[in-house]
Structures are given as C-alpha cells and as structure tokens.
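Dumping the structure here so I can ask a few things about it.
The values are calculated or read from the model by the stated rules, or taken from the named source; none is laboratory data. A quick note: this is a predicted structure, and the numbers were derived from the prediction, not measured. Cβ placement follows ideal geometry from the backbone for every residue including glycine, while neighbour counts extend to all protein chains displayed. For the accessible areas, the whole protein counts, side chains as well, though only heavy atoms, and no ligand, DNA or RNA atoms are used. Shrake-Rupley method; radii C 1.70, N 1.55, O 1.52, S 1.80 Å.
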Amino acid sequence: MQTHRIAILIPLTVGACVVLCTIFIHALAVSATVSFVRYEKKIGREGADSWIDGAIVALAMSTVLIAHLIEIALWAVLLIICREFPDFRTAYYYSAGNYTTLASGDLIMTPSWKLLGPLEAANGMLMFGVSTAIIFAVIQRLIQARFVDLRR
C-alpha cells in the first residue's frame with residue numbers, strides 16, 4: 001500500500017511544481033497586460049479610437065496566447081525529462097492536447113506518469129479562465145472609456 005501512495009505522490013508533486021511555474025508565467029502575462037492598458041490610459045489612447053482599442057485588445061490576446069504556448073512547452077519539457085516522449089515535437093503535441101483538453105488519445109503515457117495528463121488539463125482550464133477574464137476586463141475597460149468620452 002505504501003508503494004502505491006508514493007507512485008501517486010511523485011507525479012502529483014512534480015506536476016504541482018509545473019502548475020506553480022505556469023501560474024507564475026501567467027501572472028507575468030497578466031501583469032504586463034495590465035501595465036500596458038494603464039500606460040495606454042495614461043497617454044490618452046485608451047478609448048480614443050476604435051482601431052487603437054482593437055490593437056490594445058489584440059495585444060492583450062497575443063500576450064496571453066504566448067503565455068499559453070510557453071506553458072505548454074514547459075509541460076512538454078517535463079514529459080521529456082520523465083522520458084515519456086523521445087523528442088520535443090511529440091511531447092509538445094501531446095502537451096497541447098492535454099492543456100487544451102482536446103487530447104485525442106493517439107499518444108499514451110506510461111502508467112507511472114499518466115496522472116500528469118489530467119493535472120495538465122486542469123491547469124490549462126484554469127489558465128484559459130484567467131486569460132478569458134483578463135481579455136474581458138480589457139474590453140470592458142475600453143468600452144467604459146469610450147462611454148465616458150461619449151457622455152462629455
């Protein structure tokens with residue numbers, strides 16, 4: 001029974017470390033997005049023009065997308081370290097499937113590390129939720145800035 005607990009704890013502990021890293025990466029992306037939007041407000045471009053607002057939203061979306069791609073790569077590196085896949089391309093493909101909860105099942109992990117798959121899927125769902133929230137907040141802020149300008 002003790003061996004079974006260790007077999008579960010090792011992938012959970014290793015996976016939890018990667019989850020913490022992805023939280024940090026995403027926090028950097030959110031912080032950069034917030035700083036950028038504040039800067040745009042400070043210089044008066046926020047809400048000034050539809051094209052500028054569109055560019056602000058596109059940059060916010062691009063920032064969080066890059067964060068997701070880096071986070072998927074981090075999981076892929078872990079899968080290579082755990083010797084689950086022979087190359088980065090295969091590991092990245094598998095990781096992207098799990099992270100996005102799309103996993104098609106064409107690649108299968110060994111039983112000892114299988115628990116990383118659902119953990120990565122839960123991590124991806126949470127990070128996509130954070131991304132959706134920040135993009136929504138940026139759009140809402142731009143709409144409010146535009147509304148304030150219309151009332152003047």
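Karplus couplings for segment 30-37 from phi (6.51 cos²θ - 1.76 cosθ + 1.60, θ = phi - 60°), rounded to Hz, Gly and Pro as x?
Listing the rounded values in order: 5, 4, 5, 5, 4, 4, 4, 5 Hz.
State whether segment 12-53 is rounded, prolate or oblate according to the following rule on the C-alpha gyration tensor (a ≥ b ≥ c being the square roots of its eigenvalues): a/c under 1.5 gives rounded; otherwise a/b larger than b/c gives prolate, and the remaining case gives oblate. All intermediate terms of the calculation are to be shown ahead of the outcome.
Details: a/c = 8.42, a/b = 3.87, b/c = 2.17.
The shape class here is prolate.
How large is ³J(HN,Hα) for each residue in segment 127-136, as worked out from phi by the Karplus curve 6.51 cos²θ - 1.76 cosθ + 1.60 (θ = phi - 60°), to whole Hz, x for Gly and Pro?
Coupling constants for segment 127-136: 5, 5, x, 5, 4, 4, 4, 5, 5, 4 Hz.
Count the net charge of all other residues whose Cβ sits under 14 Å from the Cβ of V18, scoring Lys and Arg as +1 and Asp and Glu as -1. Walk me through the numbers before you get to the answer.
Values: positive: none; negative: E71, E84, E120.
Here the charged neighbours net out to -3.
Run the paramagnetic zone check for V57: 7 angstrom along Cα to Cβ, then residues of segment 97-132 with backbone nitrogen under 17 Å.
The answer is 131-132.
Ok, one more. Tell me, what ³J(HN,Hα) does each residue in segment 108-119 have, in order and in whole Hz, if you take phi through Karplus 6.51 cos²θ - 1.76 cosθ + 1.60 with θ = phi - 60° and put x for Gly and Pro?
10, 8, 5, x, 5, 10, 4, 5, 5, x, x, 5
Okay, moving on. How much length is gained if the chain between T100 and S112 is pulled fully straight, taking 0.36 nm per residue apart and subtracting their Cα-Cα distance, in nm to one decimal? Before the final figure, lay out the partial values.
On the way: separation 12, 0.36 × 12 = 4.32 nm, distance 2.21 nm.
That works out to 2.1 nm of additional length.
So what's the projected area for segment 43-88, the Cα convex hull averaged over all directions, in nm²?
Details: hull surface 16.8 nm².
Averaging across all directions leaves 4.2 nm² for the Cα convex hull.
Using only the Cα atoms of segment 1-72, what do you get for the radius of gyration and for Dmax, in Å?
Just the Cα atoms of segment 1-72 yield Rg and Dmax of 19.1, 65 Å.
Using a 1.4 angstrom probe, figure out how much accessible area segment 3-48 has per residue, in square angstrom, rounded to the nearest whole. It would help to have the intermediate numbers written out before the result.
Details: 2920 Å² over 46 residues.
Heavy-atom SASA per residue in segment 3-48 reads 64 Å².
Write down the accessible area per residue of segment 89-152 in Å², having rolled a 1.4 Å probe over the full set of protein chains. Mind showing how you got there, number by number?
Values: 4050 Å² over 64 residues.
Result: 63 Å² of accessible area for each residue.
I'm a student and want to see the number: the projected area of the Cα convex hull of the chain, averaged over all directions, in nm². Intermediate values should be presented prior to the final figure.
Working: hull surface 42.8 nm².
One quarter of the hull surface, i.e. the mean projection, equals 10.7 nm².
Here's something else I'd like to know. Around W113, under 13 Å between beta carbons, what's the net of Lys plus Arg minus Asp minus Glu among the other residues?
Details: positive: R83, K114; negative: E84, E120.
Local charge sum for W113: 0.
Ignoring ligands, DNA and RNA, what percent of the 1.4 Å accessible area of segment 97-152 is carbon and sulfur? Can you show the working numbers first?
Working: 2480 of 3580 Å².
The value for segment 97-152 is 69 percent carbon and sulfur by accessible area.
Which FRET efficiency value, to the nearest 0.05, do you get for L69 and A7 by plugging their Cβ-Cβ distance into 1/(1 + (r/R0)^6) with R0 = 25 Å? Please report the intermediate quantities before stating the final value.
Numbers: r = 31 Å, r/R0 = 1.25.
With R0 = 25 Å, the Cβ-Cβ based efficiency is 0.20.
Let me make sure I get this right: for segment 75-137, a, b and c are the square roots of the gyration tensor eigenvalues over alpha carbons, sorted descending. Under 1.5 in a/c it's rounded, otherwise prolate if a/b > b/c, else oblate. Which is it?
On the way: a/c = 2.38, a/b = 2.15, b/c = 1.11.
Prolate shape, in that a/c is at least 1.5 and a/b is the bigger ratio.
Something else: Can you show me the helix-derived [θ] at 222 nm for the chain, built from DSSP H runs with n ≥ 4 at -39,500 (n - 2.57) apiece and divided by the number of residues, rounded to the nearest 500. Show your work: numbers first, answer last.
Numbers: 4 runs with 121 residues, N = 152.
Value at 222 nm, helices only: -29000 deg cm²/dmol.
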